[in-house]
1. What's the extension gain from residue 74 to residue 266 if we count 0.36 nm per residue and subtract their Cα-Cα distance?
2. Tell me the Rg and the Dmax, in Å, that the Cα atoms of region 42-193 produce.
3. 5 Å is the cut-off here: which amide hydrogens, built 1.01 Å from N in the peptide plane, fall below it relative to residue 2, excluding neighbours closer than 5 in sequence?
4. Under 8 Å for C-alpha pairs, at least 6 residues apart: give me the relative contact order for the chain, rounded to a whole percent.
5. Indicate the gyration tensor shape class of the chain (rounded, prolate or oblate), computed on the Cα atoms with a ≥ b ≥ c the square roots of the eigenvalues: a/c under 1.5 is rounded; otherwise a/b larger than b/c is prolate and the rest oblate.
6. Considering Cα pairs under 8 angstrom that are at least six residues apart, work out the relative contact order of region 91-179 and quote it in whole percent.
7. What is the helix-to-structure angle for 167-177, meaning the angle in degrees between its Cα long axis and the longest Cα principal axis of the chain, kept from 0 to 90 and rounded to the nearest 10?
8. Given q = 0.13, 0.14, 0.26 Å⁻¹, what are the Debye log10 I(q)/I(0) values for region 91-179, with equal point scatterers placed on the Cα positions and solvent ignored?
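Just so it is clear, none of the values below were taken in a lab; they were calculated from the coordinates. Note that this is a predicted model, so its numbers are computed, not measured.
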Amino acid sequence: MLSFTGGLRVFLAVVPGNGETKLGYLWTCSCPGGDTVFTSHTSRAAMCLEHIIPSGFRGTVQCDGYAAYPAFVRRHNASAGCEAITLAGCWAHARRGFIEARESAPRTVGWVLRQIGHLYQIERHLREKGAGPRLREAVRCAQSTAIVRRIRAALLRIGPHHLPQSATGKAIAYAIDQWPALERFLTHGRIEIDNNLVENAIRPTAIGKKNWLFIGAAAAGQCGAVLYTIVESCRRRGIDPLACLRDVLTRLPRMTTGQIPEVTPQAWVKASKQRPDTSAAA
């Protein structure tokens with residue numbers, strides 16, 4: 001399973017020759033329990049995903065409703081000759097639309113938000129218990145499925161009473177359009193209710209783009225993406241990114257290409273646990 005952000009973070013890069021700047025985008029994905037990987041592109045088209053998701057990938061991609069994802073999946077599945085990839089939706093993104101519509105229809109939107117809150121309460125209890133995929137699937141089947149069906153029935157009933165261009169109408173249309181993907185977590189215990197884990201990983205990039213605005217040449221975007229990947233991988237493992245980078249960059253000039261796997265954050269934290277603690281002696 002891969003989890004992607006739909007909120008692609010924009011940066012500005014210099015276009016050589018004419019002194020103008022061009023938009024760039026950081027695509028961010030993560031595997032459950034694994035690292036978060038950033039890649040840089042000067043486009044947000046579906047073809048960018050071909051450079052991120054392996055051609056032989058089979059599984060689930062969790063994302064928001066950005067059109068690039070279903071477009072990529074249709075081409076990928078057509079090429080594979082089967083339903084190699086399925087999409088799982090993000091309830092946080094669906095909820096966001098209703099939060100933005102609270103003032104336009106407070107009673108209606110308030111009811112929908114309470115129902116979504118019930119779903120998140122169930123998920124919170126599962127996390128507190130340390131539930132595995134089988135237990136999560138069983139509890140979701142017994143408790144969450146009825147709530148999800150209740151929300152859908154209500155949205156289908158109230159949808160025609162709201163103008164399509166109103167905030168409430170847009171929130172309802174988004175949710176209904178995403179419904180098959182939003183239901184996916186009910187029958188797959190390894191799928192999260194949302195992709196907030198990877199969404200949280202890109203928040204520092206939003207601060208960064210406001211602070212330093214330009215990233216340099218367009219090709220430099222991938223260098224930044226690599227650094228973001230290393231730092232976030234360190235954070236997920238409880239490693240001090242500065243300590244890791246200082247050690248790796250010191251050793252790197254003397255290493256061969258074949259030794260590079262020895263200094264990934266995953267390998268670095270394992271090696272650091274095996275090193276003797278010299279702090280007492282010092």
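1. The residue 74-residue 266 span can extend by a further 65.7 nm.
2. Reported Rg and Dmax, both Å: 16.8, 47.
3. Under 5 Å from the amide H of residue 2 lie the amide H atoms of 60, 61, 62, each far enough along the sequence or on another chain.
4. Computed value for the chain: 24 percent relative contact order.
5. prolate
6. 43 percent
7. With rounding to tens, the tilt is 80 degrees.
8. Scattering profile of region 91-179, log10 relative to I(0): -0.45, -0.51, -1.30.
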